[in-house]
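**Student:** Okay, here's the structure, questions in a sec.
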Amino acid sequence: MIPMNAQAIEVMRKVRIGRRRRWALVTAALAVLSLALCAAMLLLGNTFYPVRDVLAVLAGEEIQGATFAVRTVRLPRMLAGLLAGFAFGVAGYTFQTMLRNPLANPNVIGITSGSSAAAVFCIIVLQSNKAVTSIVAVIAGLLTAVLLYVLAQGRSFSIGRLILIGIGVQAMCNSLISYLLLIGGEHQIPAAVRWLTGSLNGVKMEEMTPLLLASLLLLPLMLALGRPLAMLELGEQAAAALGVPTDRVRVMLMIAAVVLSAIATSVTGPIASVALLAGPIANRLVGIGGSNLLPAGLVGAVLVMAADLVGQFAFPVKYPAGIVTAIIGAPYLLYLLVRMNRKGKF
Amino acid sequence: MKQHLLEARNLVAGYDGKIILDRVSLQIPSNQISVIMGANASGKSTLLKTLARLIRPVSGEVLLDGRSIHAIPTKQLARVIGLLPQSPVVPEGIKVVDLIGRGRYPHQSFFGAWSKQDEEAVAEAMEIMNITELADRHMDELSGGQRQRVWIGMVLAQQTDILLLDEPTTYLDITHQIEILDLLTDLNRKYGKTIVMVLHDINLSARYADYLFAMRQGRLVAEGKPSEVITSQLIQDVFGLDCVVVEDPVSGSPSVVPVGRHHVLHPVAGFAGVYTIEADKRTV
């Protein structure tokens, strides 16, 4: 149609190829790091078993001691770290991108606190077992999400309203949790606190089934919606004009992210800050331009597994993963608040 | 460039349960520049969004080549009609070339593989909008005029025959307003793009439009060539403004000179109307 300037194509290729290369490089590095952490979680523990034994046990052989340590303790712990971390990362990135707000994630907007309040209620008041607690936690998380969405709908959907209502719901749930902890019996309180801090301790293989299924079903769906999600960043109208079915994409992503993080939370408890940190770290590492959903999931997995290893082995006392991530997350949250304040986003 | 027939039939539309458009019927002239004008809240922006299927009409319909736009798959429609909203959101930290690349979305498959056509469309859009040197820059570093050229570049990369623009010159100073309108005119003259835009400035509308649609309170009150449509009576009807219509010495198009309560010579040259502002009746 018009004489094409070769220079224009040249410049564009350079930018695009540069970014694609960096995306591939960072994603590959994160994948390798995740695998290394998975291996470390299988190998490290009170007793060291040689790599050959660990592999043999994973392959189904029975080895005295190693079978219990690896298959019953370390493998579910590793899977929980990998999958829950990935789920938190993906869900956090999805909310942050969709709502165009770095504060938006299942923790901050109250869905996790709905799960937590319900779980603590189950543990302290109903004294129910772990399976029932998990199911109730998932359902409560979903109900909180629905409630938030309905309240934020008002006359038309508003992101600001969703976040503010979420913070309010979170405050109510937290006060309920505090009250329950006050009236709780001495046997229940440690269990409740353990749930609230979020840790990979004592995860059993049978508890992993729902998370495994949800990951298999929902992660491919969410990764497939990565491109339309990136388009939503242009604003509702521009995205719709470019042919993105905005309502459908938003509802599907929200449901998938909420279900996934609610189920992950029911296994590990709310591991603080992972959903908040994973997206921005991935964006910083890869750069912005395309969809960073996959790297964000990997960052989440790396964070949880690394935090668990650090908590287990770096100090004389063992700390749950949730405490380690909270220590990293708190300064970042403050930094975010200061920066948003400066930009006048409040 | 293909000819397309974009038309509205008896459109009634609005949002949040409020009706704004009141039985609007019109046909967008193909391969021309149309401007929708009207006072604030007259429904001009709602009309544009309804034409772009962003608002589903309560009744009536929008037809593209005889087919209801809501019956056309959204990606397919996005290859014929492009829209630049009034205030699109700049994703934080995005580069110019990546933003323009997003205009290729309706042409890409589910997996978003980047083809040679995509590459050429983006390069061409940058060439036309004269922003090739900015390709590697971040959007946050650009001036208002440059940003607006990038946004139009994104809609150009979409390669649609019809371009809808919602106040493409707001927030720009006069120099850049003219620059953008000239570029849009180039698009129309060189490539035959059908352009429909909402503009605030009456005189620029009269100068740059081939065809005008005038809205008042959700209804279409006049349409036609600027030279035929713009009269002091119409401006009074549409904007509630007393004015004198003179000839624009540069373009020859009608130009509106407002008459306010102050700084009025007696008698006003060429003002044949009747002052409607109470306070002014005394002074004539």
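The values are calculated or read from the model by the stated rules, or taken from the named source; none is laboratory data. Only a predicted model underlies this, so the values are computations on that prediction, with no experimental measurement involved. All Cβ positions, glycine included, derive from the backbone under ideal geometry; neighbour counts span all protein chains shown.
**Student:** Looking at (1) out of contact with any Pro (no Cβ under 8 Å at 6 or more places or on another chain); (2) in a loop (DSSP other than H, G, I, E, B); (3) within 14 Å of another protein chain (Cβ to nearest Cβ), which one does residue A:17 not meet, given that it meets all the others?
**Tutor:** Here residue A:17 meets the rest and fails (2).
**Student:** Kindly list the number of the only condition in (1) modelled with pLDDT under 90; (2) touching a helix residue (DSSP H, G or I) at 6+ places or on another chain (Cβ under 7 Å); (3) farther than 29 Å from residue A:174 by Cβ; (4) aliphatic (A, V, I, L, M) that fails for residue A:276.
**Tutor:** (3) is the only condition that residue A:276 fails.
**Student:** Of the residues in segment A:273-296, how many are among the polar types (S, T, N, Q) and either over 25 Å from residue B:99 (Cα atoms) or part of a helix (DSSP H, G or I) (or both)?
**Tutor:** Summing the residues that are among the polar types (S, T, N, Q) and either over 25 Å from residue B:99 (Cα atoms) or part of a helix (DSSP H, G or I) (or both) in segment A:273-296 gives 2.
**Student:** Pairs needed: first member in segment B:115-126, closer than 20 Å to residue B:187 by Cβ; second member anywhere, part of a helix (DSSP H, G or I) and of a type in the set (D, E, K, R); C-beta distance under 6 Å; at least 6 residues apart or different chains.
**Tutor:** Partner pairs satisfying both residue conditions: B:118/B:104.
**Student:** May I pose another question? If residue A:262 meets every condition in (1) more than 22 Å from residue A:203 (Cα to Cα); (2) more than 13 Å from chain B (Cβ to nearest Cβ); (3) touching a residue at least 60 places away in the same chain (Cβ under 8 Å) apart from one, which number is that one?
**Tutor:** Of the numbered conditions (1) more than 22 Å from residue A:203 (Cα to Cα); (2) more than 13 Å from chain B (Cβ to nearest Cβ); (3) touching a residue at least 60 places away in the same chain (Cβ under 8 Å), the odd one out for residue A:262 is (1).
**Student:** Any residue at all in segment A:305-319 that's free of Cβ contacts under 8 Å to residues at least 24 places away in the same chain, more than 28 Å from residue A:139 (Cα to Cα) and among the aromatic types (Phe, Trp, Tyr)?
**Tutor:** Scanning segment A:305-319 turns up at least one residue that is free of Cβ contacts under 8 Å to residues at least 24 places away in the same chain, more than 28 Å from residue A:139 (Cα to Cα) and among the aromatic types (Phe, Trp, Tyr).
**Student:** Are any of the residues in segment B:12-31 within 13 Å of chain A (Cβ to nearest Cβ), without any contact (Cβ under 8 Å) to a residue 40 or more places away in the chain and either at positive phi or crowded, with 21+ Cβ neighbours inside 10 Å (or both)?
**Tutor:** Checking segment B:12-31: at least one residue is within 13 Å of chain A (Cβ to nearest Cβ), without any contact (Cβ under 8 Å) to a residue 40 or more places away in the chain and either at positive phi or crowded, with 21+ Cβ neighbours inside 10 Å (or both).
**Student:** Quick check on segment B:52-73. Is at least one of its residues under 27 Å from residue A:228 (Cα atoms) and within 14 Å of the chain's Cα centre (by Cα)?
**Tutor:** Yes, segment B:52-73 contains at least one residue that is under 27 Å from residue A:228 (Cα atoms) and within 14 Å of the chain's Cα centre (by Cα).
**Student:** Any residue at all in segment A:98-120 that's within 14 Å of chain B (Cβ to nearest Cβ) and either more than 20 Å from the chain's Cα centre (by Cα) or in a helix (DSSP H, G or I) (or both)?
**Tutor:** yes
**Student:** Now, a different point. Identify the single condition in (1) closer than 23 Å to residue B:170 by Cα; (2) out of contact with any Gly (no Cβ under 8 Å at 6 or more places or on another chain); (3) free of Cβ contacts under 8 Å to residues at least 60 places away in the same chain that residue B:89 does not satisfy, given that it satisfies every other one.
**Tutor:** Status for residue B:89: all satisfied but (2).
**Student:** Being touching a residue at least 40 places away in the same chain (Cβ under 8 Å), over 12 Å from residue B:84 (Cβ atoms) and away from chain A (no Cβ under 13 Å), is that true of even one residue in segment B:166-176?
**Tutor:** no
**Student:** Please note which helices (runs of 4 or more DSSP H) are completely contained in segment A:164-250 and include at least 1 residues that are at pLDDT below 85.
**Tutor:** Once the helices (runs of 4 or more DSSP H) in segment A:164-250 are filtered for at least 1 residues that are at pLDDT below 85, what remains is A:188-197.
**Student:** Follow-up question, since we're still on this one. Assuming residue A:131 fulfils every condition listed in (1) closer than 22 Å to residue A:249 by Cα; (2) modelled with pLDDT under 85; (3) in a helix (DSSP H, G or I) apart from one, which condition is it?
**Tutor:** Against the list (1) closer than 22 Å to residue A:249 by Cα; (2) modelled with pLDDT under 85; (3) in a helix (DSSP H, G or I), residue A:131 comes up short only on (1).
**Student:** Another one. For segment A:281-302, give me each residue that is buried (at least 23 other Cβ atoms within 10 Å of the Cβ) and touching a Gly at 6+ places or on another chain (Cβ under 6 Å).
**Tutor:** Listed by number, the residues that qualify are A:293, A:296, A:297, A:299, A:300, A:301.
**Student:** Here's a follow-up. Just to be sure I understand, how many residues within segment A:36-68 are within 20 Å of residue A:314 (Cα to Cα), without any contact (Cβ under 8 Å) to a residue 40 or more places away in the chain and aliphatic (A, V, I, L, M)?
**Tutor:** 4
**Student:** Residue A:282 passes all but one of (1) within 14 Å of another protein chain (Cβ to nearest Cβ); (2) modelled with pLDDT under 90; which number fails?
**Tutor:** Just one mismatch for residue A:282, condition (2).
**Student:** Answer yes if at least one residue in segment A:147-167 is within 14 Å of chain B (Cβ to nearest Cβ), touching a residue at least 24 places away in the same chain (Cβ under 8 Å) and within 24 Å of residue A:340 (Cβ to Cβ), and no otherwise.
**Tutor:** Yes: one or more hits.
**Student:** Turning to a different aspect of this structure: Give A:225, A:212, A:229, A:218 a once-over and let me know the one that is within 22 Å of residue A:89 (Cα to Cα) and surrounded by fewer than 17 Cβ atoms within 10 Å (Cβ to Cβ).
**Tutor:** A:212
**Student:** For residues in segment B:110-140 being among the polar types (S, T, N, Q) and under 26 Å from the mean Cα position of the chain (by Cα), which is surrounded by the most Cβ atoms within 10 Å (Cβ to Cβ)?
**Tutor:** It comes out as B:132.
**Student:** Using the structure shown, decide if residue B:35 is more than 21 Å from residue B:2 (Cβ to Cβ), surrounded by 16 or more Cβ atoms within 10 Å (Cβ to Cβ) and away from chain A (no Cβ under 12 Å).
**Tutor:** yes
**Student:** Further, regarding this structure: For residue A:77, work out the one condition from (1) surrounded by 15 or more Cβ atoms within 10 Å (Cβ to Cβ); (2) free of Cβ contacts under 8 Å to residues at least 12 places away in the same chain it doesn't fulfil.
**Tutor:** (2)
**Student:** Also, quick follow-up: If we keep just the residues of segment A:233-251 that are surrounded by fewer than 24 Cβ atoms within 10 Å (Cβ to Cβ) and more than 7 Å from chain B (Cβ to nearest Cβ), which is nearest to residue A:95 (Cα to Cα)?
**Tutor:** A:250
**Student:** So, residue A:299, is that one outside any helix (DSSP H, G or I) and either within 14 Å of chain B (Cβ to nearest Cβ) or within 15 Å of the chain's Cα centre (by Cα) (or both) or not?
**Tutor:** Here the answer is no, as residue A:299 does not meet what is asked.
**Student:** Are any residues in segment A:123-139 over 19 Å from residue A:113 (Cβ atoms), touching a residue at least 24 places away in the same chain (Cβ under 8 Å) and among the aliphatic types (A, V, I, L, M), and if so, which ones?
**Tutor:** The answer is A:131, and nothing else.
**Student:** Tell me, which residue of segment B:227-250 that is assigned to a helix (DSSP H, G or I) and touching a residue at least 40 places away in the same chain (Cβ under 8 Å) is surrounded by the fewest Cβ atoms within 10 Å (Cβ to Cβ)?
**Tutor:** Checked segment B:227-250; the qualifying residue surrounded by the fewest Cβ atoms within 10 Å (Cβ to Cβ) is B:233.
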